[in-house]
Amino acid sequence: MLPALDAPAPDFTLRDHHGATVTLSETVGARPVVLVFFPLAFTGTCTGELCALRDSIALFDDAGVELLAISVDSTATLREFAERERYPFRLLADFWPHGEVARRYGVLLEDKGFATRGTFVIDREGMLRASFVTGPGEARDLDAYREALRALER
């Protein structure tokens, strides 16, 4: 089940692709956050989606938002993926306990062992303001991000 809008976003601590610890509650105090769950690194749709976000990073920068992408891959895998594709945002490893953060956000596909494509917009107070989900093969449209970011203006 997806977390409720206008309620506190589930907090978590994960490692990014450089091994640094990222805690959501500490990050959102500085600025809003967009969490982008994706199934797996180095797969066609995931790579295409994250490259579209890379190429449109100004959308997030202009909104003063930190973009964090999360998958069940290891930090080593995510480091190679981020370096190869030159992602300007952090990739977080929901590796162990396997998929626990994706589970808390209601996007873990238990039978597959990875997350579906879920996006969550969290304001500076840690409240979930918007979310949208697509299935594993269905890429998210940048217009869906633009619409979700508008929730921060309300």
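At-a-glance table
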item	result
Integer Hz, Karplus 6.51/-1.76/1.60 couplings in order for region 3-11, x for Gly and Pro	x, 6, 5, 6, 10, x, 6, x, 7
Total formal charge among the other residues, if their Cβ is under 14 angstrom from that of Cys51, Lys/Arg +1 and Asp/Glu -1	0
Neighbourhood net charge (13 Å Cβ-Cβ; Lys/Arg +1, Asp/Glu -1) for Glu147	+2
Charge dipole magnitude, Cβ of K and R +1, D and E -1 - region 91-154, Cα centre, debye nearest 20	120
Relative contact order computed over the chain (Cα-Cα under 8 Å; 6+ residues apart), in percent	31
Charged-residue dipole, Cβ positions (Lys, Arg, Asp, Glu), the chain about Cα centre, Debye nearest 20	80
Shape box of region 2-113 [Cα atoms, principal axes, largest first, Å]	38, 36, 24
Calculated from backbone phi, Karplus (6.51, -1.76, 1.60) coupling profile of region 88-102 in Hz, x at Gly/Pro	x, 10, 7, 9, 10, 9, 8, 7, 8, x, 3, x, 4, 5, 4
Dimensions (Å) - region 65-154, Cα atoms, principal axes, largest first	38, 31, 27
Relative packing of peptides 7-17, 31-41, 50-60 - highest average C-beta neighbours within 10 Å first	31-41, 7-17, 50-60
Ratio Rg/Rh, restricted to region 19-64 and using Cα atoms, in which Rh is the Kirkwood radius	1.02
Helix-derived mean residue ellipticity, 222 nm - over the chain, DSSP H n ≥ 4, -39500 (n - 2.57), to 500	-8000 deg cm²/dmol
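Only the coordinates and a few stated rules stand behind these numbers; no lab work does. Small disclaimer: the values here were computed from a predicted structure and weren't measured. For neighbour counting, all protein chains shown are included, and Cβ atoms are generated from backbone atoms with ideal geometry for every residue, glycine included.
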